[in-house]
Amino acid sequence: MRTLFAIAALALSTAASAQSYPTKAIRLVVGFAPGGAADTVARAIGDQLGKVLGQPIVIENRAGAGSSIAAENVAHSPPDGYTILIASPASISVNPALNSKLNYKPSDLTPITKVSSSPLVIVVNPATGITSLKDLIAEAKKMPGKLNYATSGVGSAPHFGAASFSQVTGIEMTHVPYKGGAPAVVSVVAGDTQLSFATPPSVLPMVKAGRLRALAVTSAERSTLMPEIPGMIEAGLPDYSLAFWYGFFVPAGTPRDIVQTLFNATIAAAKRPEVKAMLAAEGTEVSLSRSPQEFAAFVAEDEKFWVKLAKDSGAKAE
């Protein structure tokens, strides 16, 4: 009888908690330095998400280890809905596949919804004299390993975008990982590295300012959000195509009612015109799941692609 009473009391307590949620600020943890794509998407949606939920969303940047530090922090946080992770395939699929010593696994995180999707942008420092993908490939073949490409870390979409490009074209370039998209781009602008397969928000301002040259987007066709930049087919590489996404996750064990509340609020926030406009200006498209269950199924299927790409590339854990 006491056991039944305890179970009933716990159920009532959980239900009451879910109904009153949220009652305080919510952390939205970003695995990269400020200024990159993840940070841009988090701040654009987070601002409106806070308005929908009636509580502030506090952005917390925990850069390092290809976003694994942030993922581990969220995975080990209380499953109460007050800690959210914005993540890409890097921390959800790739890093756990590359490093068995990580202190978290994908099942430690519960998917809420996908929030954005976009191709990468291949950019070079104008001083390289490279003006097209054909130039880039020719230069890399002429000097194997001499071209350095900067990324937001081992296992990131930019890393594997470049690794896959190298495989398809038969070239050799040197990977230089940073703790986020912004510092990686700064290195290309400064000439410390020569190019990057970068997320649109991290490079488009520099492209528009003439400090970087965009060679192509990694989608097959031109993106409607960046129509001035050619796609892979037009650039002469029809066998290569890549896109990446960001999504929201919470610690495993978070009550279903709270997961659903966060899902509903995120969808409402991301559909607001100001969010769509803000991300579109950065070359990123709002892309939402129909339910947490659909997003979980998508992540499970998408993992196969990224893990295979990681293993084929020969990448090592950071």
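The values are calculated or read from the model by the stated rules, or taken from the named source; none is laboratory data. Note that the structure is predicted; figures quoted are calculated from it, not measured. Note: ideal-geometry Cβ built from the backbone for every residue, glycine included; neighbour counts use all protein chains shown. Note: areas computed on protein heavy atoms with side chains; ligands, DNA, RNA excluded. Shrake-Rupley method; radii C 1.70, N 1.55, O 1.52, S 1.80 Å.
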Exercise. Looking at this structure, is VAL207 modelled with pLDDT of 95 or more and closer than 20 Å to SER118 by Cα?
Worked result: yes
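Select from the range 260-318 the residues that are among the acidic types (Asp, Glu), over 18 Å from GLN48 (Cβ atoms) and more than 16 Å from the chain's Cα centre (by Cα) and list them in ascending order.
Quick first cut of the range 260-318, residues among the acidic types (Asp, Glu) only: 274, 282, 285, 294, 301-303, 312, 318.
Next, only the ones that are over 18 Å from GLN48 (Cβ atoms) stay: 294, 301-303, 312, 318.
Of everything in the range 260-318, those that are among the acidic types (Asp, Glu), over 18 Å from GLN48 (Cβ atoms) and more than 16 Å from the chain's Cα centre (by Cα) turn out to be GLU294, GLU301, ASP312, GLU318.
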Exercise. Name the pairs: first residue in the range 72-85 and farther than 17 Å from GLY247 by Cβ, second residue open to solvent by 20 Å² or more (accessible area, probe 1.4 Å) and part of a helix (DSSP H, G or I), Cβ to Cβ under 8 Å, at least 6 apart or on different chains?
Worked result: HIS76/ASP108; ASP80/SER17
For this session: Could you check how many residues of the range 215-253 are closer than 23 Å to ASN125 by Cβ and surrounded by fewer than 16 Cβ atoms within 10 Å (Cβ to Cβ)?
Result: 3
Seminar exercise, completed: Flagged pairs (Cβ under 6 angstrom, 6 or more apart or on separate chains; first in the range 207-236, assigned to a helix (DSSP H, G or I); second buried (at least 19 other Cβ atoms within 10 Å of the Cβ) and not aromatic (Phe, Trp, Tyr)) are VAL207/ALA214; ALA235/LEU133; ALA235/ALA216
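Let's see how each residue does on (1) part of a helix (DSSP H, G or I); (2) closer than 25 Å to SER289 by Cβ:
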position	(1), (2)
THR113	no, yes
VAL123	no, no
ALA182	yes, no
VAL186	yes, no
SER196	no, no
SER202	yes, yes
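Is at least one residue of the range 53-60 at pLDDT 95 or above, assigned to a loop (DSSP other than H, G, I, E, B) and crowded, with 19+ Cβ neighbours inside 10 Å? Talk me through it step by step, then tell me what you get.
Pass one, the range 53-60, residues at pLDDT 95 or above: 53-60.
If we keep only those that are assigned to a loop (DSSP other than H, G, I, E, B) too, we end up with 54-56.
Next, only the ones that are crowded, with 19+ Cβ neighbours inside 10 Å stay: none.
Within the range 53-60 (the criterion being at pLDDT 95 or above, assigned to a loop (DSSP other than H, G, I, E, B) and crowded, with 19+ Cβ neighbours inside 10 Å), the answer is no, since none of the residues qualifies.
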Seminar exercise, completed: Matching residues in the range 261-305 (touching a Lys or Arg at 6+ places or on another chain (Cβ under 7 Å) and either closer than 24 Å to GLU228 by Cβ or crowded, with 20+ Cβ neighbours inside 10 Å (or both)) number 4
For this session: Given the conditions (1) open to solvent by 20 Å² or more (accessible area, probe 1.4 Å); (2) at pLDDT 90 or above; (3) out of contact with any helix residue (DSSP H, G or I) (no Cβ under 6 Å at 6 or more places or on another chain); (4) not in a strand (DSSP E or B), report the number of the one that ALA140 does not fulfil.
Result: (1)
Exercise. Is it true that some residue in the range 274-293 is in a loop (DSSP other than H, G, I, E, B), in contact with a Gly (Cβ under 8 Å, 6 or more places away or on another chain) and either of a type in the set (Ser, Thr, Tyr) or at positive phi (or both)?
Worked result: yes
Seminar exercise, completed: Selection from the range 99-118 of residues open to solvent by 10 Å² or more (accessible area, probe 1.4 Å), at pLDDT 95 or above and closer than 22 Å to THR224 by Cβ yields LYS114
Seminar exercise, completed: Among (1) in contact with a strand residue (DSSP E or B) (Cβ under 8 Å, 6 or more places away or on another chain); (2) crowded, with 24+ Cβ neighbours inside 10 Å; (3) part of a helix (DSSP H, G or I), TYR149 falls short only on (3)
Exercise. Is there a residue in the range 166-175 that is in a loop (DSSP other than H, G, I, E, B) and crowded, with 17+ Cβ neighbours inside 10 Å?
Worked result: yes
Seminar exercise, completed: Picked from the range 126-137 (must be in contact with a strand residue (DSSP E or B) (Cβ under 8 Å, 6 or more places away or on another chain) and not in a helix (DSSP H, G or I)), the residue least open to solvent (accessible area, probe 1.4 Å) is ILE130
Problem set entry | Long-range neighbours under 6 Å by Cβ, at least six apart or interchain, first residue of a type in the set (D, E, K, R) within the range 158-187, second open to solvent by less than 10 Å² (accessible area, probe 1.4 Å) and modelled with pLDDT under 90 | LYS179/GLY64
Problem set entry | Hits in the range 66-98 (condition: open to solvent by less than 40 Å² (accessible area, probe 1.4 Å) and out of contact with any strand residue (DSSP E or B) (no Cβ under 8 Å at 6 or more places or on another chain)) | SER68, ALA90, SER93, VAL94, ASN95, PRO96
